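Nothing in this text is a laboratory measurement; each read-out follows from the coordinates by a stated rule. Note that the coordinates shown come from a computational prediction; the quantities given were computed from them, not determined experimentally. Here the Cβ positions follow ideal geometry from the backbone for every residue, glycine too, while neighbour counts run over all protein chains shown.
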Amino acid sequence: MPATPQRPVVAVLCERATDRPPGLADLPVDFRYCAADGLPEAVQGAQVLMLWDFFSTAVRDVWPDAGSLEWIHVTAAGVDTLLFDELRDSAVVVTNAHGVFDRPIAEYVLGAVIAHAKDSLRSFDLQRGHQWRHRETRSILGAKALVVGTGAIGRETARLLRAAGLQVRGAGRTTRSGDPDFGEVVASGNLAAEVEWADHLVLAAPLTDATRGLVDAGVLAAMRPGTHLVNVARGPIVDEAALLEAVADGRIAATLDVFDREPLPPDHPLWDAPNVTVTAHMSGDVIGWRDTLAAQFAGNVRRWLAGEPLLNVVDKKLGYIPTGDR
């Protein structure tokens, strides 16, 4: 009697071993769910690894046990916490959650822009103090937004800001005019010379060697007084010490969803910094987002089983899907 063919094995790294992404049970594969301490055993003989715990750095530690892996999927847009030299140099394919977070993050940015223009942070403070203080606020119509990062998230953000009446430019690796979403794209490597134009500087770029520390003291000093920084990218893109100085003297304001260290420690000075809004890395997390992530992965598993090309393949050398500068 012929042997029953073995089903492919998919390891799923979760924050807790009892976690289960929804909607995967009907896939014709064998799942091994684990937390980080169980990953060395789970990846042995597995062809696929799904990082449901998408901020984990455990893959690097178990790499010697992962020789059978063909594909790693990260349920996030950014893959900076996953990539390391051995993985970059390997034949293992990396995919991400490209497309899931574009609109939610763009909505978050628009909300931050409106909240800044309408002085909402001060209104909340006045309400808590039971103070009635009439003020004039700004219109966002005609305001200027420079969006750093010309990938899918940056483009959706640009489209939504334009629809709301803002003037928009992009900042990317290559300069060009006539871009369908940004109009003009300036060089992100020359950011200090470009930020004076902007009322709002929006960071939506992946964290790479080229973007780490991109917004440094020089860039912050070049911003016009009153400029509003919005970071929905990664914390290390901004020099946090320089940012603290810039907001402490009231030169700029900031809406920050990401930080060097997460969770942001309770005693971190950014919590109480003037003109700073802090949110808990949640700009893309709308109700139902986990179901969307799991459904996206399930669709790619079906493609993989059928021998079809995978969607959302990351360029491991660049650290992202290179679509923005086309």
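Place a +1 charge on the Cβ of each Lys and Arg in the stretch 102-278 and a -1 charge on the Cβ of each Asp and Glu, then give the dipole magnitude about the Cα centre in debye, rounded to the nearest 20. Write down the numbers at each step before the final one.
Numbers: 19 positive and 23 negative charges, 120 e Å.
Rounded to the nearest 20 debye, it is 580 debye.
For the stretch 1-61, what is the largest minus smallest coordinate of the Cα atoms on each principal axis, given in angstrom and ordered from greatest to least?
Answer, in whole Å and largest first: 45, 26, 15 Å.
Note down the relative contact order for the chain as a percent, whole number, built from C-alpha pairs under 8 angstrom at least six residues apart. The partial results should precede the final answer.
Working: 614 pairs, mean separation 51.5, N = 326.
Averaging sequence separation for qualifying contacts and normalising by length gives 16 percent for the chain.
Cross-link partners among aspartates and glutamates for Lys316, C-alpha distance below 17 Å, same-chain residues fewer than 8 apart left out?
Cross-link targets: Glu70, Asp80, Asp85, Glu86, Asp89, Asp209, Asp325.
Among 149-157, 310-318, 51-59, what's the highest-first ranking by average C-beta atoms within 10 angstrom per residue?
Working: 149-157: 25.2, 310-318: 15.9, 51-59: 19.2.
So the peptides 149-157, 310-318, 51-59, ranked by packing, come out 149-157, 51-59, 310-318.
Can you tell which of Pro180, Pro236, Phe55 lies farthest toward the positive end of the dipole of the chain, using +1 and -1 charges on the Cβ of basic and acidic side chains (Lys, Arg; Asp, Glu)?
Highest projection toward the positive end goes to Pro180.
For the stretch 102-278, max minus min Cα coordinate along each principal axis, in Å, sorted largest first?
Result for the stretch 102-278: principal-axis Cα extents of 50, 33, 28 Å.
Can you tell me which of 255-268, 72-85, 32-45, 133-146 comes out highest on packing, and rank the rest after it, using the mean Cβ neighbours within 10 Å? Working shown, then result.
On the way: 255-268: 15.8, 72-85: 21.5, 32-45: 18.4, 133-146: 13.4.
Output ranking for 255-268, 72-85, 32-45, 133-146: 72-85, 32-45, 255-268, 133-146.
Can you give the Rg to Rh ratio of the chain, both from alpha-carbon atoms, with Rh computed by the Kirkwood formula? Before the final figure, lay out each step's value.
Working: Rg = 21.7 Å, Rh = 21.3 Å.
Ratio of gyration radius to Kirkwood radius: 1.02.
Would you work out the charge dipole size for the chain about its Cα centre, treating the Cβ of every Lys and Arg as +1 and the Cβ of every Asp and Glu as -1, and quote it to the nearest 20 debye? List each step's numbers first, then the result.
Numbers: 31 positive and 42 negative charges, 207 e Å.
It comes to approximately 1000 debye.
For the stretch 102-278, calculate the relative contact order in percent as a whole number, restricting contacts to Cα pairs under 8 Å that are 6 or more residues apart. Walk me through the intermediate numbers first.
Details: 333 pairs, mean separation 30.6, N = 177.
With pairs under 8 Å counted, the relative contact order is 17 percent.
For Cα pairs less than 8 Å apart in space and 6+ apart in sequence, what is the mean separation divided by the residue count of the stretch 1-50, i.e. the relative contact order in percent?
Details: 69 pairs, mean separation 24.5, N = 50.
Reported relative contact order: 49 percent.
On each of the three principal axes of the Cα atoms of the stretch 219-326, give max minus min coordinate, whole Å, ordered largest first.
59, 32, 20
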